[in-house]
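K.L.:
Below are the structure tokens for one structure; questions will follow.
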């Protein structure tokens, strides 16, 4: 017991002594830190201040220093302007498609696009090839071979989020110039620019430009063939891929008016995955003339996605030779696979030049039930083995997930598949 008391007293004394030592040390550190003198703690440096005398000795005036700091700050905080452009293939309204859209009040195609609408609407600018005339105001609705689709088909495209319509294709004259002009009038009434068919030479000279996020994007449209001839004596204009000098001049004009030039081209051979040699040659020519993005269609299948380089300035330009059918009632399995191509273009803050920087292709599939009804477009990533097995196309052809994935793998470099990849020249 006594030993315990002595030990307790000893510990008490030791604690008191240590406390006094610690209080003394803290006071010393506090004084040294406050004055900036050397001591046990780091000295606090006073903030630099430019006095008038120091400013006179400096070779840089106060005003210039302030301006330089402001410019540097603006440069650091300035964000590069960019725009995303999404493109899809042929909106091909066969008889089965519009019959499936028929309602008691008319037609409603909107449910067919519901599973891709969100992604399309999210793009800054979305564009589509409207393969069939919308001339319900002057002709009865009809399907292949002389198409004329309900105006509601166009309404659905607007609802889905499309901003620019391409009319340069082999079916636009299916109802003659009267039908094509009615189609043009429909889009003009909607306030949506349409390219590829024009009411006159003057109209063709008016470059369609969409401005988004401070970037001006020009759209042009050309076709290789037309199923019906343009009548002689008409004022209407379609520009064909054989008119290379005219294409070159129009691209040059668009280049002068816009930051970016997008070209729709309806070309190639139907139902083949092989890109025609003449198509490759023209694509490179258009890139060299000033086209920044080329959107190909007509073959009804997904063809090669690549990057071509402009010889004059080294710009890397996305080219999809064929996106396939956005929607259709065709009877071949590969005709029901397509893609949504999104390209990101960015303005260089240093030069002010806008160039394509990255791209992504998302595969999509048109589904229909037996009897070609219940049309819906699905992202391939949401399309299942069961859906492929139950597809109505099996009445005419075959479809499997393995085959669909193989087509995509053959056409789309892995770096651009379902993810935004920076543009690179192909190996």
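The values are calculated or read from the model by the stated rules, or taken from the named source; none is laboratory data. Small disclaimer: the values here were computed from a predicted structure and weren't measured. Every residue, glycine among them, receives a Cβ derived from its backbone with ideal geometry; neighbour counts consider all protein chains shown.
Matching residues to (1) surrounded by 20 or more Cβ atoms within 10 Å (Cβ to Cβ); (2) more than 20 Å from residue 405 (Cβ to Cβ):
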| site | (1), (2) |
| --- | --- |
| 293 | yes, yes |
| 300 | yes, no |
| 323 | yes, no |
| 331 | no, yes |
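K.L.:
Condition first: surrounded by 23 or more Cβ atoms within 10 Å (Cβ to Cβ), under 15 Å from residue 359 (Cβ atoms) and in contact with a helix residue (DSSP H, G or I) (Cβ under 8 Å, 6 or more places away or on another chain). Now tell me which residues in region 117-132 satisfy that.
P.N.:
Residues satisfying the conditions do not exist here.
K.L.:
With (1) over 29 Å from residue 111 (Cα atoms); (2) in contact (Cβ under 8 Å) with a residue 24 or more places away in the chain; (3) surrounded by 14 or more Cβ atoms within 10 Å (Cβ to Cβ) as the list, and residue 425 as the residue in question, which single condition is left unmet?
P.N.:
So residue 425 meets the others, but not (3).
K.L.:
Search region 250-262 for residues that are assigned by TED's automatic domain parsing to the domain that holds residue 290 and pair each with any residue that is part of a helix (DSSP H, G or I) when their beta-carbon atoms are under 7 Å apart and the residues are at least 6 apart or on different chains.
P.N.:
These pairs meet every condition: 251/286; 251/289; 252/289; 261/251; 261/254; 261/255.
K.L.:
Taking residue 193 as meeting all but one of (1) in contact (Cβ under 8 Å) with a residue 40 or more places away in the chain; (2) closer than 30 Å to residue 348 by Cβ, write down the number of the exception.
P.N.:
(1)
K.L.:
Might you let me know whether region 133-152 holds any residue that is over 20 Å from residue 381 (Cβ atoms), within 23 Å of the chain's Cα centre (by Cα) and buried (at least 16 other Cβ atoms within 10 Å of the Cβ)?
P.N.:
Residues of region 133-152 that are over 20 Å from residue 381 (Cβ atoms), as a first pass: 133-152.
Cutting the leftovers down to within 23 Å of the chain's Cα centre (by Cα) gives us none.
No, region 133-152 contains no residue that is over 20 Å from residue 381 (Cβ atoms), within 23 Å of the chain's Cα centre (by Cα) and buried (at least 16 other Cβ atoms within 10 Å of the Cβ).
K.L.:
Please name all residue pairs, on different chains or six or more residues apart, with Cβ atoms under 7 Å, provided the first residue is in region 348-363 and is surrounded by fewer than 19 Cβ atoms within 10 Å (Cβ to Cβ) and the second residue is at pLDDT below 95.
P.N.:
Hits for this filter: 349/78; 349/80.
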